[in-house]
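The values are calculated or read from the model by the stated rules, or taken from the named source; none is laboratory data. This one's a predicted model, so the numbers in the text were calculated from it and none came from an experiment. We place every Cβ from the backbone using ideal geometry, glycine too, and count neighbours over all the protein chains shown.
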Amino acid sequence: MTPLDAPAREPQTAHIVEKLSVLDRFLPLWILAAMGLGLLLSAVAPGFGEALDSYQVAGVSVPIAVGLLVMMYPVLAKVRYNETGHVLQDRKLMITSLVINWLLAPAFMFVLAWVFLADLPEYRTGLIIVGLARCIAMVLIWNDLACGDREAAAVLVAVNSVFQVAMFGVLGWFYLQVLPTWLGLPTTSAEFSVAAITLSVLVFLGIPLVAGFLTRTLGERRLGREAYESRVLPRIGPWALYGLLFTIVVLFALQGSQVMANPLDVARIAVPLVVYFVVVFGASMVIGRYLNLGYERTTTLSFTASGNNFELAIAVAIATFGATSGQALAGVVGPLIEVPVLVALVYVALWARKYFTARPGRIERSL
């Protein structure tokens, strides 16, 4: 193996953001606008949020539930579920990904939550829930922009999706009740329920996961992969953002008075999130380099480890603690911070490419 020829092969990073769609490129702006609209509605029509929240099934607001399901479905319809063979054979990648995603990263978020939000238990709990929701969404975009391994990203996203259904509730119980007890720290309030979290995951991840799998499988069978990805996905893809923005509007309409009364709380939630993204991404890049995974799979490992599934975190927080809870607000702040930070980390990954060696038989891609 020889070092990458940086001058000849280094991707042109000047136009990374321009490769995003208009919706994705200005995602932080849309989220800010949705937050602003929600706050405006809470001020001029204080009954709007409560009216929407009054329609509930099993304790979950129907409009919010619809928004959450719409968020999740398009992302899971993008996953190539049948491309698992050669990636699953890479035991170093799979084991490393599982260890970082399900042991190290949640533990690190637990530490950050207690360090930065020890006096704000609702936000602290919300941040811990965010740490348990492993990324299955925008990671595919960041990975592609940074010239990561697309097939490996699809497999790790699928593994995270399935693993969340099986383990999210158990890990939630461990980090919110068991571990704090061992450390002599306060546990989450009595309203916390492992069954409630597990049910939330099964509904808000299980339903769109099955729907996404069936859409991908039946769509490819009828149209072929190329037609499915060029004709179907562009039509359903934007609905993930529509669902997210709708949910944010409703949440901030419900939480407007709380946010306006405590604007510094939002900033305090943002700080540990930035630390989390940067440290987990950097550590994953170093680990991948040490294990000789190659640039493409190291990049994939790093983005799947550092990103989080805020859609699921928001869904669990709402279903378990309510739409007006601090836990839900912590989840809503997440995407606002994640998008610009991970766009910046795309540039960092491309800069770090020169420190990796090329994998044999691997064709270098450029943007």
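If you go through region 262-271 one residue at a time, do you hit one that is of a type in the set (Gly, Ala, Ser) and farther than 24 Å from residue 30 by Cβ? Among the residues of region 262-271, not one is of a type in the set (Gly, Ala, Ser) and farther than 24 Å from residue 30 by Cβ, which makes the answer no. Of all residues in region 128-174, those that are among the charged types (D, E, K, R) and surrounded by fewer than 24 Cβ atoms within 10 Å (Cβ to Cβ) total 3. Every residue in region 324-356 that is farther than 28 Å from residue 123 by Cβ and not in a helix (DSSP H, G or I), please. Once the filter is applied, which keeps residues that are farther than 28 Å from residue 123 by Cβ and not in a helix (DSSP H, G or I), region 324-356 yields only 356.
Would you confirm, using the coordinates I've provided, whether residue 281 is among the aromatic types (Phe, Trp, Tyr), surrounded by fewer than 22 Cβ atoms within 10 Å (Cβ to Cβ) and either touching a Leu at 6+ places or on another chain (Cβ under 8 Å) or assigned to a helix (DSSP H, G or I) (or both)? It is false that residue 281 is among the aromatic types (Phe, Trp, Tyr), surrounded by fewer than 22 Cβ atoms within 10 Å (Cβ to Cβ) and either touching a Leu at 6+ places or on another chain (Cβ under 8 Å) or assigned to a helix (DSSP H, G or I) (or both). In region 343-365, the residues that are among the polar types (S, T, N, Q) and surrounded by 13 or more Cβ atoms within 10 Å (Cβ to Cβ) reach residues that are outside any loop (DSSP other than H, G, I, E, B) and at pLDDT below 85 with C-beta atoms within less than 9 angstrom, at least six apart or across chains, in these pairs: 357/3.
Of the candidates 227, 211, the single residue that is free of Cβ contacts under 8 Å to residues at least 12 places away in the same chain and either within 23 Å of residue 315 (Cα to Cα) or not basic (Lys, Arg) (or both) is 227. Would you mind finding the one in 212, 206 that is modelled with pLDDT under 85, within 19 Å of the chain's Cα centre (by Cα), more than 21 Å from residue 109 (Cα to Cα) and small (Gly, Ala, Ser)? It is 206. Residues in region 92-110 that are touching a helix residue (DSSP H, G or I) at 6+ places or on another chain (Cβ under 9 Å) and more than 15 Å from residue 300 (Cα to Cα): 102, 104, 105, 106, 107, 108, 109, 110. Counting only residues that are modelled with pLDDT of 75 or more and β-branched (Val, Ile, Thr), give me the helices (runs of 4 or more DSSP H) lying completely in region 1-96 with at least 3 of them. Filter on region 1-96 gives 62-77. Against the conditions (1) β-branched (Val, Ile, Thr); (2) loosely packed, with under 15 Cβ neighbours inside 10 Å; (3) touching a strand residue (DSSP E or B) at 6+ places or on another chain (Cβ under 9 Å), residue 271 satisfies every one except (3).
Restricted to region 101-165, the set of helices (runs of 4 or more DSSP H) holding at least 3 residues that are among the β-branched types (Val, Ile, Thr) comprises 121-132.
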